């Protein structure tokens, strides 16, 4: 798609501009190039939909096959276990662990792996095409990656501490609610409702402060990321426009020298 769009930009950049009058051949070449690019984009979209559907089907099939193999292996292992193994373990926890492990394998070997391979392949091909067409513009675009990595690493470190604090607060909240409900008759009998209520209020306030810190961290991270991306996109567009302008000036100079007006002027100077 990038190559096709680049061909369209190239066709427009090669189209003569005033003071050169475009000929019928120039108009036909521009129309033919734009029309062919539009047809190619439509075909590329249809092929992309078909290929994505086929890829999703194949990766889902692979995930189901891997999950089936895992289940058979677990069943074979459980059958050979002695009865003492089942007496020392809760059947419900075994079933839950088995279900979670099977789902994790299905998700890891399914569309996630397919998308990872697809994105890696797309990145490598795009980098090769980009360096082939315009190395300087590619390096300018890639220069945003270290800055984005630093911003994301800082945000993840900051948010990780707050998320851990939030989990601890939620754990304390769960334990406090459980103990309060278990001691509810005693609390009602001795009118001790103010103590658990104050504790819940403090926990809620701490949870609110932690949530605000998490939201602020992610908001700053998103804003800085968008700022860096937009800045590099602007720089890339300015460089691309400058390259197109130099190409167009070369086209105008070539037309002024070898066009009809240029030839007449050269003949007049010769006379």
Checklist line | the stretch 123-142: number of residues that are modelled with pLDDT under 85 and exposed (fewer than 12 other Cβ atoms within 10 Å of the Cβ) | finding: 3
Note to self: Just the residues that are at pLDDT 85 or above and touching a helix residue (DSSP H, G or I) at 6+ places or on another chain (Cβ under 6 Å), please, taken from the stretch 165-212.
What the structure shows: 165, 166, 169, 203, 206, 207, 210
Next item on the list: Would you check if residue 215 is modelled with pLDDT of 85 or more, surrounded by fewer than 14 Cβ atoms within 10 Å (Cβ to Cβ) and either over 19 Å from residue 157 (Cα atoms) or under 25 Å from the mean Cα position of the chain (by Cα) (or both)?
Entry: yes
Next item on the list: Can you give me the number of residues within the stretch 86-100 that are more than 16 Å from residue 74 (Cα to Cα) and within 35 Å of the chain's Cα centre (by Cα)?
Entry: 0
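The values are calculated or read from the model by the stated rules, or taken from the named source; none is laboratory data. All values derive from a computational prediction rather than experimental measurement. Cβ atoms come from the backbone with ideal geometry, glycine included; neighbour counts cover every protein chain shown.
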